[in-house]
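**Q** Got a structure for you, questions after.
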Amino acid sequence: MTTGKTRKVLLLPGDGIGPEVMKPVAGLLAEMAARKLLSLEVREALIGGAAYDKTGHPLPPETVSLARESDAVLLAAVGGPRYDTLPYEHRPERALLGIREKLGAFANLRPARLFPQLANASTLKPEVIAGLDLLVVRELTGGIYFGAPRGIVTENGIRVGINTERYSEPEIERIARVAFTVARNRRRKVTSVDKANVLESSVLWREVVTRVGRDFPEVSLDHMYVDNAAMQLVRNPGQFDVIVTGNIFGDILSDEASQLTGSIGMLASASVGGRTGLYEPIHGSAPDIAGKDIANPSAMFLSLAMLLDHSLGEAGLARTLEQSVETVLGEGIRTRDIAEPGSRVVGCREMGEKISRVFWDLLEKGSAAK
Ligand code: NAD
């Protein structure tokens, strides 16, 4: 039965496989509302290439206002080859950076956990990845993706591309606090990743993270250069608990961490820090498989699980949803990207139906994790 006030959730399906993976998740949310499990007001808006096609802008002002009025936003993916030649301001990816910025979501939480059922899907040896459970805390609204000056200019007849890596003390301090705070509820270990042997912004990063760490004596802290971190992630990923790093390093390392688990289609992320949390799979719009009903919707369901947990305070439902994904995997049912010999390969729609059905079964049986 529903309790409390109505919570507003905004759905942004976007481009490519976005609408396909969003559909079963939107269906589950609608069913949660219809069965009065939660009091929800679910709306949908345009973003990315789909928004550009209809409005001439990848992030229409209406989408921003709806997002700001919501408790949480669930975004699928944006982008596609036919938008690649548009000017930067009109590119779908601009909307992605824009919405995170507008929501003040400065911290991106990217868990990489090995589902035991998918141990064989990793390219690493099982003994290297056994028990993998790490969280990359990526700074999301600063660094080289936003720093000025930027652009392509002509100097003495030669074209030059310019971007600026830039971090202020308060920006570093607030992301460090997020990392230490989440580490307290995990294995209490933070690894800060930088390039302090070359970049001044990293020298400041290291200094501020070290200072913030003193406020969290129960959490251990070590520092690692980004090139070493990239190696260590494939050599011995079990050494990591929470990795905190800047925007560009986090972008790259979290994708690397995702491969450890076997499939980019299994990983969710949360962007938090403002009033409204933003939840999205880490994968893109996968134009190579869009419209073929073969995309894996699991990351989208797991993004909803993070939304339920972090923005709606429904940790029990979040665990049940995670358990539903695991149960379906355990039954040997797989989308093509995570298929193994002997597994039954299903499409996006059927995978979504199975996960939703198991979710309701687990709730009805009352056997769900509390
Ligand atoms: P991608 O994540 O879209 O695809 C990489 C590979 O993983 C592809 O082979 C794809 O088929 C596969 N894949 C991704 N998601 C999958 C899923 N759910 N199920 C099964 N397979 C899946 O990355 P890309 O190819 O580098 O980028 C494609 C487009 O997406 C580009 O326009 C890019 O800018 C955009 N992009 C968007 C986001 C986002 O919206 N958050 C993130 C990354 C890339």
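The values are calculated or read from the model by the stated rules, or taken from the named source; none is laboratory data. Small disclaimer: the values here were computed from a predicted structure and weren't measured. Cβ sites come from the backbone with ideal geometry, for glycine too, and all protein chains shown count toward neighbours. Note: areas computed on protein heavy atoms with side chains; ligands, DNA, RNA excluded. Shrake-Rupley method; radii C 1.70, N 1.55, O 1.52, S 1.80 Å.
**Q** Tell me which of these LYS54 doesn't satisfy, since it passes every other one: (1) over 30 Å from VAL358 (Cβ atoms); (2) touching a residue at least 12 places away in the same chain (Cβ under 8 Å).
**A** With (1) over 30 Å from VAL358 (Cβ atoms); (2) touching a residue at least 12 places away in the same chain (Cβ under 8 Å) applied to LYS54, the lone miss is (2).
**Q** So, in the range 60-86, of the ones that are aliphatic (A, V, I, L, M) and near the ligand (Cβ under 10 Å from one of its atoms), which residue ends up farthest from the chain's Cα centre (by Cα)? Before you say what the answer is, go through the steps one by one.
**A** Step one: filter the range 60-86 for residues aliphatic (A, V, I, L, M), giving 64, 66-67, 72-78, 86.
Next, only the ones that are near the ligand (Cβ under 10 Å from one of its atoms) stay: 75-78.
Details: LEU75: 10, ALA76: 10, ALA77: 11, VAL78: 13 Å.
Top of the filtered list is VAL78.
**Q** For the range 187-207, which residues satisfy the criterion of being under 25 Å from the mean Cα position of the chain (by Cα) and aliphatic (A, V, I, L, M)?
**A** Listed by number, the residues that qualify are VAL190, VAL193.
**Q** Scan the range 235-251 and report the pairs whose first residue is basic (Lys, Arg) and whose second residue is crowded, with 19+ Cβ neighbours inside 10 Å, with Cβ atoms within less than 8 Å and a gap of 6+ or a chain change.
**A** none
**Q** Residue by residue through the range 302-312, note down the ones that are free of Cβ contacts under 8 Å to residues at least 24 places away in the same chain and more than 14 Å from LEU37 (Cβ to Cβ).
**A** Keep residues of the range 302-312 that are free of Cβ contacts under 8 Å to residues at least 24 places away in the same chain, which gives 308-309.
The answer is ASP309, and nothing else.
**Q** Just give me the residues in the range 177-197 being β-branched (Val, Ile, Thr) and assigned to a helix (DSSP H, G or I), in sequence order. Quick ask: steps written out before the conclusion?
**A** If we filter the range 177-197 for residues that are β-branched (Val, Ile, Thr), which is where we start, we get 178, 181-182, 190-191, 193.
Of everything in the range 177-197, those that are β-branched (Val, Ile, Thr) and assigned to a helix (DSSP H, G or I) turn out to be VAL178, THR181, VAL182.
**Q** Can you name the residue in the range 331-345 that is among the charged types (D, E, K, R) and under 13 Å from ALA121 (Cα atoms) and, of all such residues, is nearest to the chain's Cα centre (by Cα)? Steps first, answer last, please.
**A** Filtering the range 331-345 down to residues among the charged types (D, E, K, R) leaves 331, 334, 336-337, 340, 344.
This time we only want the ones that are under 13 Å from ALA121 (Cα atoms), so: 334, 336-337, 340.
Working: ARG334: 21, ARG336: 21, ASP337: 19, GLU340: 25 Å.
The selected residue is ASP337.
**Q** What is the residue count in the range 248-278 for residues that are more than 19 Å from ALA183 (Cα to Cα) and either in contact with a Gly (Cβ under 7 Å, 6 or more places away or on another chain) or of a type in the set (Ser, Thr, Tyr) (or both)? Give the steps one after another, and end with the answer.
**A** As a first pass, look at the range 248-278 and keep what is more than 19 Å from ALA183 (Cα to Cα): 248-249, 251-252, 255-256, 258-267, 274-278.
Adding the requirement that they be either in contact with a Gly (Cβ under 7 Å, 6 or more places away or on another chain) or of a type in the set (Ser, Thr, Tyr) (or both) leaves 248, 258, 261, 263, 274, 276.
Here the count works out to 6.
**Q** Look at LEU59 and say whether it is closer than 30 Å to VAL244 by Cα and part of a loop (DSSP other than H, G, I, E, B).
**A** On the way: closer than 30 Å to VAL244 by Cα: yes; part of a loop (DSSP other than H, G, I, E, B): yes.
Yes; evaluated as a whole, the condition is true for this residue.
**Q** Answer yes or no as to whether GLU89 is within 13 Å of the ligand (Cβ to nearest atom) and open to solvent by 40 Å² or more (accessible area, probe 1.4 Å). Don't jump to the end; show me each part of the working.
**A** Details: within 13 Å of the ligand (Cβ to nearest atom): no; open to solvent by 40 Å² or more (accessible area, probe 1.4 Å): yes.
No; evaluated as a whole, the condition is false for this residue.
**Q** Hand me the list of helices (runs of 4 or more DSSP H) wholly inside the range 198-311 holding 3 or more residues that are open to solvent by less than 20 Å² (accessible area, probe 1.4 Å) and away from the ligand (no atom under 16 Å from the Cβ). Steps first, answer last, please.
**A** Values: elements: 200-213, 226-235, 247-260, 298-310.
The qualifying helices (runs of 4 or more DSSP H) are 200-213.
**Q** Among (1) open to solvent by less than 50 Å² (accessible area, probe 1.4 Å); (2) more than 16 Å from the ligand (Cβ to nearest atom), where does GLY347 come up short?
**A** (2)
**Q** For residues that are out of contact with any helix residue (DSSP H, G or I) (no Cβ under 6 Å at 6 or more places or on another chain) and of a type in the set (A, V, I, L, M), scanning just the range 22-45, find the one that is nearest to the ligand (Cβ to nearest atom).
**A** Per the criteria, the residue is MET22.
**Q** Here is a list of conditions, (1) in a loop (DSSP other than H, G, I, E, B); (2) farther than 28 Å from GLU331 by Cβ, and GLY49 meets all of them except one; can you say which number that is?
**A** Condition (1) is where GLY49 drops out.
**Q** How many residues are open to solvent by 40 Å² or more (accessible area, probe 1.4 Å), part of a helix (DSSP H, G or I) and touching a helix residue (DSSP H, G or I) at 6+ places or on another chain (Cβ under 9 Å) when one looks only at the range 323-344? It would help to see each step written out before you state the result.
**A** Initially, the range 323-344 is screened for residues open to solvent by 40 Å² or more (accessible area, probe 1.4 Å), giving 323, 326-327, 330-331, 336-337, 339-342, 344.
Subset that is part of a helix (DSSP H, G or I): 323, 326-327, 330, 336-337.
If we keep only those that are touching a helix residue (DSSP H, G or I) at 6+ places or on another chain (Cβ under 9 Å) too, we end up with 323, 326-327, 330, 337.
Looking only at that region, the number is 5.
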